[in-house]
1. Inside the stretch 43-96, can you point out the residues that are more than 13 Å from Ile20 (Cβ to Cβ) and of a type in the set (Gly, Ala, Ser)?
2. Let me confirm something: among Ile59, Ile65, which residue is crowded, with 16+ Cβ neighbours inside 10 Å, under 12 Å from the mean Cα position of the chain (by Cα), modelled with pLDDT of 95 or more and under 17 Å from His128 (Cα atoms)?
3. Go through the stretch 75-119 residue by residue and tally those that are farther than 30 Å from Gly55 by Cβ, part of a helix (DSSP H, G or I) and not charged (D, E, K, R).
4. When you look at Thr109, is it crowded, with 17+ Cβ neighbours inside 10 Å, closer than 21 Å to Ala8 by Cα and either without any contact (Cβ under 8 Å) to a residue 60 or more places away in the chain or among the aliphatic types (A, V, I, L, M) (or both), yes or no?
5. Condition test on Tyr103, is it surrounded by fewer than 16 Cβ atoms within 10 Å (Cβ to Cβ) and closer than 23 Å to Lys159 by Cβ?
6. Quick check: anything in the stretch 26-40 aromatic (Phe, Trp, Tyr), in contact (Cβ under 8 Å) with a residue 12 or more places away in the chain, assigned to a loop (DSSP other than H, G, I, E, B) and surrounded by 15 or more Cβ atoms within 10 Å (Cβ to Cβ)?
7. Out of the stretch 3-25, which residues are touching a Gly at 6+ places or on another chain (Cβ under 9 Å) and assigned to a helix (DSSP H, G or I)?
8. For the stretch 41-69, name all the residues that are in a helix (DSSP H, G or I) and of a type in the set (D, E, K, R).
Amino acid sequence: MSPTQPAAYSRLHIVLHWLIAALVVFQLIFGEAIGQLGRALRDGRTLSPLDTILGNAHIYGGVAILLLTVLRLGIRHRQGVPTPLPSSAWQEQAAKWTHVLFYALLLITPLTGLAAWFLDIHLAGEFHELMKPVFILLIVIHVGATLWHQVVLKDGILKRMM
């Protein structure tokens, strides 16, 4: 394989994939805490230590996702990615656009969250909140496609990211 098209994903690429995935799941599950933190700060109320930690963790988690995604894109650009497994044209396009949307969300969502929190841009906050169902839908599609490849097609696609 050429330097721009390796035979397999690098260990760093795989670690970044799963680390970002875990952070996104954390954000989706505990993301409401940031709203509680914001309301408490605005109203002068005191939150429980757990809510304060979770609210702040949402900010730091978003920054981590943003930075790790930029790193992952840099590695992807520098090292390349393995050739896609043979499939129909529509499946290749679906995979391509799902990944493009994931990367766009992984960049835009933290940026809009930061703009809403630190710059108090209301529209950014509304846009940021709209990303949650989009992320969930993409995750369902991504996991479903992975299971389809693993269980039905048995083409070993899951091994590429393990």
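The values are calculated or read from the model by the stated rules, or taken from the named source; none is laboratory data. Worth saying up front: this structure is predicted, and the values here are computed from it rather than measured. Quick reminder, even Gly has a Cβ in these numbers, built from the backbone with ideal geometry, and neighbours come from all protein chains shown.
1. So in the stretch 43-96, the residues more than 13 Å from Ile20 (Cβ to Cβ) come out as 43-60, 74, 77-96.
Correct list: Gly44, Ser48, Gly55, Ala57, Gly74, Gly80, Ser87, Ser88, Ala89, Ala94, Ala95.
2. Details: Ile59 fails: under 12 Å from the mean Cα position of the chain (by Cα).
Only one candidate passes the filter, namely Ile65.
3. Of the stretch 75-119, the ones farther than 30 Å from Gly55 by Cβ are 75-100.
Still in the list and also part of a helix (DSSP H, G or I): 75-79, 89-100.
Of the ones still in play, those that are also not charged (D, E, K, R) are 75, 77, 79, 89-91, 93-95, 97-100.
Total meeting the criteria: 13.
4. On the way: crowded, with 17+ Cβ neighbours inside 10 Å: yes; closer than 21 Å to Ala8 by Cα: no; either without any contact (Cβ under 8 Å) to a residue 60 or more places away in the chain or among the aliphatic types (A, V, I, L, M) (or both): yes.
So Thr109 does not fit the description; no.
5. Working: surrounded by fewer than 16 Cβ atoms within 10 Å (Cβ to Cβ): yes; closer than 23 Å to Lys159 by Cβ: yes.
So Tyr103 passes the test.
6. Let us first name the residues in the stretch 26-40 that are aromatic (Phe, Trp, Tyr), namely 26, 30.
Within this subset, residues satisfying the condition of being in contact (Cβ under 8 Å) with a residue 12 or more places away in the chain are 26, 30.
Filter again for assigned to a loop (DSSP other than H, G, I, E, B), leaving none.
No, because not a single residue in the stretch 26-40 is aromatic (Phe, Trp, Tyr), in contact (Cβ under 8 Å) with a residue 12 or more places away in the chain, assigned to a loop (DSSP other than H, G, I, E, B) and surrounded by 15 or more Cβ atoms within 10 Å (Cβ to Cβ).
7. Listed by number, the residues that qualify are Leu23, Val24.
8. If we filter the stretch 41-69 for residues that are in a helix (DSSP H, G or I), which is where we start, we get 41-43, 49-69.
Matches in the stretch 41-69: Arg42, Asp43, Asp51.
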